[in-house]
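A short write-up of the structure that comes next.
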Amino acid sequence: MYQAARGTQDILPADQPYWRFLEKAIAEITRLYGYQRIDTPIFEDTSLFRRAGEYTDIVQKEMYTVDDRGGNSLTLKPEGTPAVCRAYVQHGMQNLPQPVKLYYTSPIFRYDRPQAGRYRQHHQFGCEAIGDDDPALDAEVIEMAWRFYKNIGLAKISLQINSIGCKVCRPQYLDKLKEHYRQSQGVLCADCKNRLDKNPLRLLDCKQDTCQDMAQNAPKSVDALCPDCADHFEQLKKYLGLLDIGFQVNHRLVRGLDYYTRTVFEIQPEVEAGQSTIGGGGRYDGLIEELGGKPAPGMGFATGLERIILNLKKENISIPTPSPLQAYIAYMGGQARDEAFKLTSSLRRAGISVICSTGSKSLKAQMRQANNLGVLYTVIIGEDEVKAGTATLRYMSDARQETVPLAELSQKLSGK
Ligand code: HAM
C-alpha cells in the first residue's frame with residue numbers, strides 16, 4: 001500500500017479547523033502590523049539558496065534539488081527569506097517607501113530526519129520587513145511574533161534574543177571563538193571539528209555533551225560588538241521593555257542560517273526547548289546585497305504551522321469548530337429521489353448547506369450517514385410526501401419530527 005512520502009503528511013479534514021484558525025490569525029496579525037502578502041514560486045534557482053547560506057546544514061544537507069529538462073538546477077524552497085529578497089530586488093521594491101513589509105505562508109522542504117515536529121515538508125508563516133535598520137523595527141517584528149502566539153492562545157512560551165554583530169565586529173569575535181575551541185579541539189564532535197573552520201558560530205548551539213561544556217565558557221558575542229551593534233542591541237532591549245515583552249538574552253543563540261547580522265531571536269515552548277523551537281528570525285542586513293541587489297537591510301521571522309498546532313494541542317487550546325452542515329436529504333423510492341434531487345439544488349441556491357443521499361440505501365443507512373455527518377436536520381421524502389408536496393423534517397438534536405410543506409423548508413432550515 002502506498003504511504004505519504006517519509007516526513008510528509010496528509011492534513012485530514014479533522015485537522016483542517018486548526019489550519020483555518022491559523023489562517024485567520026495570520027490575516028489578522030499581518031493586517032494590524034501593515035504587512036502585505038507575497039507568494040513566491042515553490043522552487044527557485046538552486047544558486048539563490050546557496051548564495052544565502054552556503055555553510056548551513058540546510059543548504060549542504062537538506063535541499064531537494066532537481067535538474068530540469070533544460071539543464072537548470074532548481075530547489076524546492078528550504079526557507080522563505082531568500083525568495084522574498086529575490087522578489088524585492090527583481091520587482092524594484094527598493095523604490096517604494098521603506099521598509100517594505102511582506103508576509104507569506106508556504107510549504108517548505110527540508111531533507112531532515114523526521115520526528116515529532118520535524119518533517120520533510122512543513123508549512124511556514126513568515127514575514128520580512130526590508131529596507132530599514134532601525135532597532136524599533138526589530139522590536140516590532142519580535143512583538144508581532146509574540147502577539148501572534150498569544151492571540152492564538154499559546155501561554156507556555158518564552159522569548160530568547162541575542163546579537164551576533166555585523167561584518168565589522170563579527171570576524172574578531174569569530175577569531176576569539178575559534179581560539180577558545182582550538183584549546184580543546186580533541187573533545188569536539190566530528191561536526192564541530194568541521195564547523196571550527198567553516199561555520200564557527202554554530203559551535204555554540206551543538207547539542208553534544210562535550211561540545212555543550214565548551215560552549216558554556218565560550219566568549220560571548222555581545223561582549224565583542226562594535227559600538228554601532230552594541231547601541232543597536234541596547235536600543236532593541238529598550239524597545240522590548242517599552243512594549244512590555246519579557247525576554248532572556250541567550251548568549252548561545254546563533255540560529256541555523258548564515259545570513260543573520262545583529263539581532264537573532266527564537267520563541268520556544270517553556271518545556272522541551274531547543275529542538276522544538278516554534279519560531280525564530282532575525283536581522284539580515286547583508287543578504288539583499290549578497291543576492292545582487294543594492295544594499296538594503298532586512299529583519300524577519302518565520303514559524304512552523306505544524307509545530308504551532310502540536311503546541312495548541314499540547315496546551316489543550318480549544319479552537320473554533322466550523323459550522324455544521326445544515327441538512328441531509330433522505331429519500332425512499334424513485335419519485336422521492338427525483339424530488340430530493342431537485343430540493344437539494346434549490347436549498348443550496350437559498351444558501352443552505354445540504355448533502356443529498358445517493359444510490360438506494362435503506363432509510364436506516366441514510367439516517368446513520370446523516371448522524372455521521374453531524375447535520376442539524378434530516379429531511380425525509382417518501383412516496384406519501386411526494387404526493388402531498390411535503391417532507392418530514394427531523395431535528396437531529398432531539399429526534400423531534402414534523403411535517404413541513406416543501407415550499408417552507410428553506411425558511412425552516414435557515415431558522416427564519
Ligand atoms: P527557521 O528557524 O529555519 O527559520 O525556520 C522557522 C520555523 O520553521 C522553525 O522555528 C520551526 O517552527 C519551523 N521548522 C523548521 N524546520 C522544520 C521542520 N523540518 N519541520 C517542521 N517545522 C520546521 C527560517 O526559515 C528563516 N527563513 C526565518 C526568517 C525569516 N528569518 C528572517 N526572516
When you scan region 167-184, do you find a residue that is on the phi < 0 side of the Ramachandran plot and within 29 Å of the chain's Cα centre (by Cα), even just one?
no
Scanning region 84-130 for residues that are among the aliphatic types (A, V, I, L, M) and out of contact with any strand residue (DSSP E or B) (no Cβ under 9 Å at 6 or more places or on another chain), which turns out nearest to the ligand (Cβ to nearest atom)?
Ala116
Just for helices (runs of 4 or more DSSP H) wholly inside region 291-390: which have at least 2 residues that are more than 16 Å from the ligand (Cβ to nearest atom)?
334-349, 363-373, 383-388
Could you list, in sequence order, the residues of region 56-83 that are part of a helix (DSSP H, G or I), near the ligand (Cβ under 9 Å from one of its atoms) and at pLDDT 95 or above?
Thr81, Pro82
I'm told Ile308 meets every condition in (1) within 24 Å of Pro99 (Cα to Cα); (2) touching a residue at least 40 places away in the same chain (Cβ under 8 Å) except one. Can you identify the failing condition by its number?
(1)
Quick check on region 140-147. Is at least one of its residues at pLDDT 95 or above, of a type in the set (Lys, Arg) and either away from the ligand (no atom under 12 Å from the Cβ) or over 30 Å from Lys313 (Cα atoms) (or both)?
yes
Of the residues that make up region 44-51, is at least one exposed (fewer than 15 other Cβ atoms within 10 Å of the Cβ) and assigned by TED's automatic domain parsing to the domain that holds Gly279?
yes
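The values are calculated or read from the model by the stated rules, or taken from the named source; none is laboratory data. Bear in mind the structure is a predicted one, so any value in this text is a computation, not a measurement. Don't worry about glycine lacking a Cβ; one is built from the backbone with ideal geometry, like all the others, and counts go over all protein chains shown.
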